[in-house]
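The values are calculated or read from the model by the stated rules, or taken from the named source; none is laboratory data. Given the structure is predicted, the values throughout are model-derived calculations rather than measurements. With ideal geometry, Cβ positions are generated from the backbone for all residues, glycine too; neighbour counts draw on all protein chains shown. Remember, those area values only see protein heavy atoms, side chains included, never the ligands or the DNA or RNA. Shrake-Rupley method; radii C 1.70, N 1.55, O 1.52, S 1.80 Å.
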Amino acid sequence: MPPSLLAQALSARISLLPLSSHAKNLRMSVTRRSSRSLSSEAESPSSEFDPNLDFQHLEPEKGCDVSDGEKRFYGRKKRAKRIIEVDGETAKEESADKKVSGPIDIEDFAYHKINLSATSTNLPANWEAVFDGIRKMRLAEDAPVDTMGCEKAGISLPPKERRFAVLVSSLLSSQTKDAVTNGAIKRLSDKGLLDADAIVKSDEATIAGVIYPVGFYSRKAHYLKKVAEICLEKYQGDIPNSLNELLALPGVGPKMAHLVMNVGWNNVQGICVDTHVHRICNRLGWVSRPGTRQKTSTPEETRVSLETWLPKDLWDPINPLLVGFGQTVCTPLRPQCGSCGINQLCPSAFKESASPNSKAKRSQK
């Protein structure tokens, strides 16, 4: 069976192992946001935009219409060679010591080449078996992140323009699902608003109308204007090439900054931790608060804990691997433990099968 074309979001090399029988039956339920009026954005004081968090894959927001019977299936595709074209010319393959910045495939991902002696000796039990099991499930079918993740933004653009597109996509992605972010990026591109100069010349209302219905679209339109102004003034329309400078941009948090550094500059300085990585690492018992066995309470705590032992070769690909796993199997509500290929190794398996609402209804009977 040919391998699936996945996120182009993972690095290194690995041989394709046989797929488990569990992986063939995985399916993902999809939620739909209810329609909202463009003139009135729901931004209550208790629900403020926080660039340090990424809620694009959490349970549905209040007012969302969830149809349990509606499923979306992502078909498997044949693997294709990645060709980069700039100004109509096909770029030649670069030498082995110079890595081309661009999307990466899950199949190009291995831990057998990693120097484990450089990591902490206090490794989670069976982490390699768990990791490999997740990889096999990810190879079985595509997830939304594989075709609509931030890494895909501006993929056909020259390096400078693509970096800015990735930054914009990352900023828009917070508290927004991949499909919605991807749609906003396409509309910005179609209207010629996916570069710093064009955004600066446009007004916030126009930008807000184009990126709607991303979460907190009016606030993000304001941030985009500010970010574009800074990029034009200080970086000639490019983006900052350091983590601290990225974090200094309005609306940019750690998750976004690490992703942009990894994808835009091919400079891995830390793990990009969103809610999927945060949730799954805690369910697997891979992370804990310093000096305790308690779960981490924030994505940033998860990042710090995970970086103490995870081999650095995996810091970049761990995000798309777990994001896709979280979108299709280890979902926020009703995780698919029965069809999960690592349920015998997961300490949280079958413990979160029902949603909080279902538990509440049963308790009232």
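Side notes on the structure shown:
- Among the residues of segment 298-315, those identified as under 16 Å from Asp274 (Cβ atoms), open to solvent by 10 Å² or more (accessible area, probe 1.4 Å) and in a helix (DSSP H, G or I) are Pro299, Glu300, Glu301, Arg303, Val304, Ser305, Glu307.
- Within segment 214-236, the set of residues being surrounded by fewer than 16 Cβ atoms within 10 Å (Cβ to Cβ) and part of a loop (DSSP other than H, G, I, E, B) comprises Gln236 only.
- Residues of segment 123-146 classified as outside any helix (DSSP H, G or I) and touching a helix residue (DSSP H, G or I) at 6+ places or on another chain (Cβ under 6 Å), total: 1
- In segment 276-293, residue most open to solvent (accessible area, probe 1.4 Å) [restricted to those that are under 22 Å from Ile342 (Cα atoms) and polar (S, T, N, Q)]: Ser288
- Condition met for Asn319 (polar (S, T, N, Q) and under 14 Å from the mean Cα position of the chain (by Cα)): yes
- Considering segment 147-157, and only residues there that are open to solvent by less than 20 Å² (accessible area, probe 1.4 Å) and assigned to a loop (DSSP other than H, G, I, E, B), the residue that is farthest from Arg187 (Cα to Cα) turns out to be Gly149.
- For the criterion of being touching a helix residue (DSSP H, G or I) at 6+ places or on another chain (Cβ under 7 Å), part of a helix (DSSP H, G or I) and of a type outside the set (Phe, Trp, Tyr), Val252 fails.
- Sole exception among (1) modelled with pLDDT under 95; (2) surrounded by fewer than 22 Cβ atoms within 10 Å (Cβ to Cβ) for Lys160, by number: (1)
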